[in-house]
Structure formats: structure tokens, C-alpha cells
Amino acid sequence: MTFDQSRLGKSGEAFAAAADQGRPALVGYLPVGYPDVATSIEAVVALTEGTDGTGCDVVEIGIPYTDPVMDGVAIQRAGTAALERGVHTRDVFPAVEAVAATGTPALVMTYWNLIERYGVRAFARDFAAAGGAGLITPDLTPDEAGEWCAASDEYGLDRVFLVAPSSTDKRLATTVRACRGWVYATAVMGVTGARAETSNAAPALVGRVRALGAGLPVGVGLGVSNGDQAAAVGATADGVIVGSALVSTLLAAEAAGTPGDLGALRALVSDLSAGVRRAERP
Amino acid sequence: MTTRLPDDQGHFDTFGGRFVPEALFAALDQLETEFRAAQADPEFQAELRSLLTDYAGRPSPLTEAKRFSAYCGNATVLLKREDLNHTGSHKINNVLGQALLTRRMGKTRVIAETGAGQHGVATATAAALFGLRCTVYMGEVDTQRQALNVARMQMLGAEVVAVAAGSRTLKDALNEALRDWVASVDDTHYIIGTVGGPHPFPEIVREFQRVISTETKAQMLERYGRLPDAVLACVGGGSNAMGMFADFIGDPEVALLGFEAGGDGVETGRHAATIAEGQVGVLHGMRTYVLQDSDGQTKESHSISAGLDYPGVGPEHAWLAATGRASYEPVTDTEAMEALKILTQTEGIMPAIESAHAVAGAMRVGRRIAETDPDARPVFVICLSGRGDKDVDTAIRWFGLDGSADKTAGNL
């Protein structure tokens with residue numbers, strides 16, 4: 001797979017580096033503020049380390065939101081708890097700085113109202129200053145993204161938009177054209193959440209994006225919860241995105257009375273990291 | 001006002017649009033295409049008209065409220081009786097239209113969000129009539145305060161899902177319905193009950209509710225030979241108000257007055273007065289006024305009326321407010337309940353608490369006009385969007401009734 005260097009940005013370059021090793025990239029998600037801001041910053045750094053220093057190639061940091069329509073119960077629950085404990089949009093910046101300091105690109109995944117409220121250009125400025133790579137926007141499509149496209153151009157940030165199995169060819173082309181960094185393929189028609197079986201729609205969707213010849217990596221998300229699934233999804237995708245399963249380790253730690261215990265999180269990261277390294281690629 | 005709104009992207013100037021996951025765009029495009037085809041299809045229109053007439057009971061009467069008018073300065077108050085529709089509110093107008101669209105798209109299941117339960121009951125009713133599977137999402141708090149409507153929906157064959165996330169009210173029911181729809185869009189249509197959500201819903205719901213103002217205009221011209229000086233309606237998401245405003249937007253001599261839920265009073269922060277107190281933002285797929293904090297997190301709204309307890313508002317109302325064509329004022333719980341009692345005891349018509357906000361608005365505006373212009377004799381039409389049967393429990397608590405008789409006869 002050859003990528004278009006001019007469109008890779010910081011996060012796409014991490015995909016390209018993984019591809020140079022003959023494997024898909026691993027993308028891990030956690031929200032800032034859960035179980036508290038300080039622990040969540042340790043946790044996003046742990047995503048880059050696992051148990052043995054090898055972890056995610058790209059980190060996605062979520063900003064909790066009151067109305068997360070794209071998220072299943074695990075991410076909802078963590079986000080609601082984080083909001084009750086007083087997390088603010090600005091808390092994402094130290095988390096971004098901490099990840100960027102490890103050399104791993106940090107993206108922020110956020111519902112759009114939070115960015116509008118902060119000010120699109122102001123957020124781009126402060127986020128770039130913190131070392132952030134770009135934004136993933138689940139409820140903002142290129143149709144409404146004029147202001148964000150201008151701000152991301154000005155501050156050199158990646159724009160990762162989502163595509164879905166239901167996307168028409170026309171929309172797929174428009175969306176992929178608007179992306180910088182990589183393309184986020186939601187392989188399951190549904191909200192986030194670990195699933196026993198991942199989607200068989202993924203290879204078809206990845207193929208449709210690649211057929212556009214955009215030269216951008218394609219990450220596949222929604223449903224992956226362990227190394228075997230990561231290996232299976234990674235056989236056809238350029239990247240494997242994991243969120244709810246990682247969040248669930250933190251929910252379980254808190255339920256067990258040890259909210260600061262990142263052991264299960266690190267173990268899962270290492271399992272996933274091994275998974276993408278044994279993906280059998282065509 | 002000759003420009004067609006919304007535009008092709010669903011914008012009312014800067015409001016509206018589509019802020020939803022990409023996965024839903026194909027369904028929204030299909031819905032828009034089918035809606036435009038249906039609007040131009042005489043057979044579809046004839047079937048809808050027949051349902052509205054022979055099933056829902058339209059046209060709804062325009063009732064002159066003579067004794068109640070005495071509470072409104074020098075105004076003559078007329079009531080557009082949406083409370084007399086089948087299922088007890090204006091919600092049936094939109095639901096019948098969208099159920100026909102569902103069938104036209106070849107889908108077999110409908111989902112809906114509901115606050116007070118009126119839209120849920122209407123949707124469950126249409127689902128029964130059309131033989132569609134139906135799931136209604138309702139905030140857990142609302143299932144408790146509107147248990148009777150939960151039972152009605154279940155009797156109609158619908159599955160009712162209590163939503164335990166977030167504030168457990170209407171906004172969270174809407175979130176959960178959107179989550180269902182992302183996963184079920186192949187065979188499922190989401191019947192949104194208000195003039196909100198992503199394009200084309202605000203336009204579709206407005207067009208299916210437009211019948212309220214079309215009838216009102218004809219009834220006014222026929223009986224009074226003139227248009228009203230003002231039309232008044234309560235505004236939560238804003239569907240009955242949009243229906244009442246639609247045909248009058250182009251008549252500048254008719255004032256368009258919306259009344260939002262002021263809850264405990266806007267100064268307390270416990271209210272649902274989105275236009276009065278909100279800021280422009282994005283919620284539930286649309287850009288509009290939103291009750292939000294300084295981070296953009298949605299604030300919980302408060303109202304005695306579950307149907308108005310919503311922290312957003314339809315984008316066309318945001319536009320009408322921003323352009324000054326319509327004006328919006330908050331009405332508190334106390335004012336609404338007082339108006340409910342007065343209308344009930346002067347006219348024998350018990351309105352839904354939602355509609356009582358517009359009734360209170362008529363009293364306030366009528367008296368205001370009488371003070372500033374004692375010679376004016378304005379004519380108001382209030383959209384009486386629903387009946388109060390569902391609210392008797394709330395009335396019992398509010399007025400300190402206990403449901404026992406005043407006295408006993410027949411004892412020795």
C-alpha cells in the first residue's frame with residue numbers, strides 16, 4: 001500500500017510507519033477525566049506503553065459530552081462519571097501534551113458542540129500548541145465543516161471524518177477528499193461497544209475507500225475487543241481502532257474499588273498490540 | 001419571504017443543517033427524496049387527507065372562548081382545538097404523515113422519542129393502524145410521571161424503553177432513539193415528533209403540522225372575514241407552534257407568539273426557556289439555540305410539563321426569533337397552572353399543561369395590550385395543542401386536591 005505523503009499529516013505518518021513494518025496500526029481511545037483527570041492522563045500514556053513498552057501507534061482522546069449519540073453504554077458511563085466529577089474541555093490539553101511527549105500522535109475525538117463553544121479557531125490554536133495531531137468528529141461531516149477545514153489548514157491539523165457501510169459512493173468520495181491523516185471506517189452500523197463478532201462489512205468498506213485512490217490509510221473501528229479480533233480486522237485494514245474495550249477495563253477497576261489500577265488496561269493494550277503484529281496481510 | 005426555507009442543505013440561514021453520524025446520511029437522503037415525491041403525489045395527499053378527516057377527526061373546531069376572554073384584557077380569544085384530535089393532541093397530524101412515508105419507503109418498523117407520552121401514544125397508534133412494529137424511547141423520569149401513557153402505548157402493542165442515561169428525560173430519549181436508528185436504519189424509520197433534529201425532519205414535521213394554520217386561516221376568513229391579530233402557541237421543540245405559524249409567516253399583520261416553559265422562573269436557572277436563555281450551538285443534529293454551560297455541555301431543563309422539558313428548540317423557531325418575525329416569552333409553572341384552572345373553569349375545557357403555557361401567554365399579552373392601547377380590540381387564536389386528561393395527577397398535586405369527594409350524601 002502506498003500512501004500520499006502530502007496528505008498523511010502526523011497521524012497518517014504513524015499508519016505509514018506501521019505499514020513499513022508490514023502490519024496495521026493500533027489506535028486506542030480513552031476519554032479524559034475518567035476515573036479522574038490525573039488518572040486519565042496516566043491512562044492515555046499507558047496506551048502507548050502496554051506492559052512492555054509497546055502499545056498504540058495513535059492515541060484518541062475523547063472529551064466527555066452530555067449527549068453522545070454515537071456511543072454505547074461503556075463510553076457513555078465513563079463520560080457521565082467524568083462530567084459529574086467536573087471534567088472540562090480544557091482538561092484535554094494536558095492529556096494531549098502527555099501523549100505527544102511520548103512521540104505518539106494524539107488525536108481528539110469530540111462531539112462538535114464542545115468545539116463550537118470553545119471557538120473552532122481558538123481550539124485549533126490551543127490544541128496545536130499542546131502538540132495535538134488532529135480531530136476525529138463523529139457528528140461533523142464535511143457538509144458542515146467549512147470553519148473546521150479552514151482552522152485545521154491554518155494550524156496544520158489532521159481532519160479524520162467517518163465513513164460507513166451505508167455511505168453512497170458520492171458521499172464516500174466527498175468525505176475521503178476532505179480527510180487529512182486517515183479515514184475512519186465505522187464497520188458496524190451501530191454505536192461503539194465491544195462485540196463478540198466484528199463486522200464482515202469492514203473489508204468491503206475498506207475496499208471501496210481504497211478504490212477511490214485517495215492514498216490515505218483506512219482505520220476500522222467499532223467492536224474490536226481483543227488481540228484475535230485485532231488480528232482479524234487488521235488483515236484487511238490499515239489500522240485497528242479500539243475504544244469501548246479499553247474503557248471497560250477502567251470501569252471494572254473502579255467497580256473493584258481500585259480506580260487507579262491500570263494493570264488490566266496495560267494487559268489489554270499488549271494483547272491488542274500483539275494482535276496487530278500477527279495480522280495476516282494479503 | 002419568497003425564498004424557500006430551508007435551503008437544499010436544510011439551513012434556515014445559519015440554523016438547522018445536519019450534524020449526525022455519517023451512517024445516517026443515506027437514510028436522511030432517502031427520507032428527503034420520498035418526502036418530496038410524496039408531496040407531489042396526489043394519491044399520497046388524498047390518503048393523508050382521508051386519514052386526517054376520517055380517522056383523526058379533522059378539521060378541528062375553532063372555538064370562541066367568551067368567558068375566558070374576560071381574563072385577557074380587551075382581546076377576543078379563539079381556541080384551535082387540536083385537543084379534540086384522536087389521541088388527544090396535534091401529534092397525530094405528523095405521525096400519520098410519517099407513517100405513510102414509512103410504508104412508502106418499504107420499512108416495517110418505527111421508533112419514536114417521547115416526553116409527556118403524547119407523541120409516543122400517537123406513534124404507537126399509527127403503528128397499530130399500519131401494522132408496523134414500534135419501539136418508543138422515554139426518559140426513565142418521564143415513564144414514572146406519565147405511567148398512564150406508558151400503559152396506553154403498551155396496550156397499542158408498542159415496546160416502551162425507559163432511558164436511564166443522562167438526565168433521564170426527553171433529550172436522553174432522543175439520544176437513545178438516534179442510537180437505535182444508526183443500527184436499524186435498513187428496516188426502521190425514526191418518526192421524530194418535533195420540528196427538530198437533522199434535515200429534513202424540521203421541514204417534514206412543519207409540513208405535516210401546517211394543516212393547523214391552513215384550517216385556522218380558512219375558519220377565520222369564513223367566520224370573521226379577517227385574519228387574527230396574533231396566533232399563540234407553546235414551544236418545547238416547537239411542532240404545534242410551527243404548525244400554527246406556518247401559513248401566517250407571510251402575513252406580517254399577524255403576530256406570531258411562542259411561549260416557552262419558564263419552569264420555576266428563568267432567574268432560578270430551573271426552566272426550559274431555550275430561546276430566551278440559550279446560546280447558539282449544536283444538539284440532536286441541528287444548529288439552534290441550546291441551554292448549555294460554558295463548555296457546551298447541555299444543561300438540564302426543568303418544567304412542570306414533560307412535553308416542554310427540552311433544552312433545544314426547532315431551528316426554524318431559532319430563525320424566526322433571530323429575524324424578529326416571531327417573538328417568544330417564558331411562562332412559569334405557576335402561571336401555566338393558574339391559566340389551566342381558569343380555562344377549565346370558564347370554558348369547560350381542560351388543556352394539557354403544555355398548551356396551558358400558551359393560554360397563560362394570551363392572558364399576559366391581552367392585559368398588556370389593554371394597558372398600552374385601551375382602544376384596541378385584538379383577536380387572538382391560541383393553539384390548544386392537547387387535552388389535559390394526562391395531567392390530572394399533576395393537577396391533584398399542584399392544587400392540593402386529594403381525589404376525595406366534597407361531601408357524602410345518603411348516609412343515615
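Think of the protein assembly as shown as having a plus end and a minus end, set by charges on the Cβ of Lys, Arg, Asp and Glu; of B:F245, A:A237, B:L283, B:F245 sits farthest toward the positive end of this dipole. When the Cα centres of segment A:62-81 and segment B:66-108 are compared, how far apart do they sit, in Å? If we compute the Cα centre of each part, the gap is 36 Å. Compared with the alpha-carbon gap, the fully stretched path from B:R270 to B:L412 is longer by 45.9 nm at 0.36 nm per residue. Rank A:Y65, B:H357, A:G50 by how far each Cα sits towards the positive end of the charge dipole of the protein assembly as shown (+1 on Lys, Arg Cβ; -1 on Asp, Glu Cβ) and give me just the farthest. The listed residue farthest towards the positive side: B:H357.
Entry comment: accessible area of segment B:113-228 is 32 Å² per residue, from protein heavy atoms only and a probe of 1.4 Å. FRET efficiency for the pair B:R226 and B:D54, taken as 1/(1 + (r/R0)^6) with r the Cβ-Cβ distance and R0 = 22 Å, rounds to 0.10. Given +1 at the Cβ of Lys and Arg, -1 at the Cβ of Asp and Glu and no other charges, the dipole of segment A:5-277 around its Cα centre is 640 debye to the nearest 20. With 30 Å² as the minimum drop in accessible area between chain alone and full protein complex (1.4 Å probe), the qualifying residues in segment A:149-167 are A:S166. Label separation (B:N74 vs B:A147): 5.1 nm, computed from points 7 Å beyond Cα along the C-beta direction. Comparing Cα centroids, segment B:234-268 and segment A:118-166 end up 36 angstrom apart.
Mind giving me the nanometre distance, one decimal, between the label points for A:R278 and B:A376, set 7 Å out from Cα along Cα→Cβ? Spacing of the two 7 Å Cα→Cβ label points: 8.0 nm.
Legend: residues in segment A:93-126 shielded by at least 10 square angstrom of accessible surface upon adding the remaining protein chains to the isolated chain (1.4 Å probe, heavy atoms) are A:W112, A:N113, A:L114, A:E116, A:R117. Label-to-label distance for B:K66 and A:S6 is 8.1 nm, based on points extended 7 Å past Cα in the beta-carbon direction. Using a probe of 1.4 Å, the accessible surface attributed to B:K91 totals some 40 Å² when neighbouring protein chains are kept in position. Tell me, what is the percent relative contact order of segment A:5-277, built from C-alpha pairs under 8 Å that lie six or more residues apart? Result for segment A:5-277 is 24 percent. Note on the protein assembly as shown: dipole from Cβ charges, positive end direction compared against A:G219, A:L107, B:L28; the farthest Cα belongs to B:L28.
Protein heavy-atom accessible surface, 1.4 Å probe, per residue over chain A: 34 Å².
The charge dipole of the protein assembly as shown, taken about the Cα centre with unit charges on the Cβ atoms of Lys, Arg (+1) and Asp, Glu (-1), comes to about 1040 debye, rounded to the nearest 20. Across segment B:270-396, C-alpha contacts under 8 Å between residues 6 or more apart give a mean separation that, scaled by the residue count, equals a relative contact order of 18 percent.
How large is the accessible surface per residue of segment B:255-313, computed with a 1.4 Å probe and reported in Å² as a whole number?
About 27 Å² of surface per residue is accessible.
DSSP beta bridges fully contained in chain B are about 30 percent antiparallel.
Between B:D402 and B:A183, residue separation times 0.36 nm minus the direct Cα-Cα distance comes to 74.2 nm. What the Cβ-Cβ distance of B:D13 and B:A40 gives, at R0 = 22 Å and to the nearest 0.05, is a FRET efficiency of 0.25.
Of the residues in segment A:61-75, those shielded by at least 30 Å² of accessible area once partner protein chains are present, compared with the chain alone at a 1.4 Å probe, are A:Y65, A:T66, A:D67, A:V69, A:M70. Antiparallel beta bridges, as assigned by DSSP with both residues in the protein assembly as shown, represent about 20 percent of the total such bridges.
Calculated FRET efficiency, B:E159 to A:A101, Cβ-Cβ distance, R0 = 45 Å: about 0.35 to the nearest 0.05.
Basic side chains Lys and Arg get +1 at the Cβ, acidic Asp and Glu get -1 at the Cβ, and with that the dipole of segment B:331-400 about its Cα centre reaches some 60 debye. List the lysines whose Cα lies under 28 Å from the Cα of B:K107, skipping any in the same chain that are fewer than 8 positions away. Output for B:K107: A:K170, B:K91, B:K171. Surface composition of the protein assembly as shown: carbon and sulfur make up 50 percent of the accessible area, probe 1.4 Å.
Coupling constants for segment B:278-290 follow from the phi torsions by the Karplus curve (6.51 cos²θ - 1.76 cosθ + 1.60, θ = phi - 60°), and in residue order they are x, 10, 5, x, 10, 8, 6, x, 9, 8, 6, 6, 9 Hz; glycine and proline get x. Amide H contacts for B:A230 (H built 1.01 Å from N in the peptide plane; partners 5 or more residues away or on another chain; cut-off under 5 Å): B:A255, B:V379, B:V381. Summing both sides, how much accessible area is buried between A and B? Use a 1.4 Å probe and give Å² to the nearest 100. Interface between A and B: roughly 2800 Å².
Given DSSP loops and a limit of at most 15 other Cβ atoms within 10 Å, what is the longest stretch of chain B that contains no such chymotrypsin sites (Phe, Trp or Tyr not before Pro)? Could you put the intermediate results ahead of the total?
Details: sites that count: B:Y55, B:F399.
With chymotrypsin sites (Phe, Trp or Tyr not before Pro) excluded where exposed in loops, chain B gives B:56-398 as its longest stretch.
The values are calculated or read from the model by the stated rules, or taken from the named source; none is laboratory data. Not measured: the values here are computed from a predicted model. Note that each Cβ is placed from the backbone with ideal geometry, even for glycine, and that neighbours are counted across all protein chains shown. Surface accessibility is based on the protein's heavy atoms, side chains included, excluding ligands, DNA and RNA. Shrake-Rupley method; radii C 1.70, N 1.55, O 1.52, S 1.80 Å.
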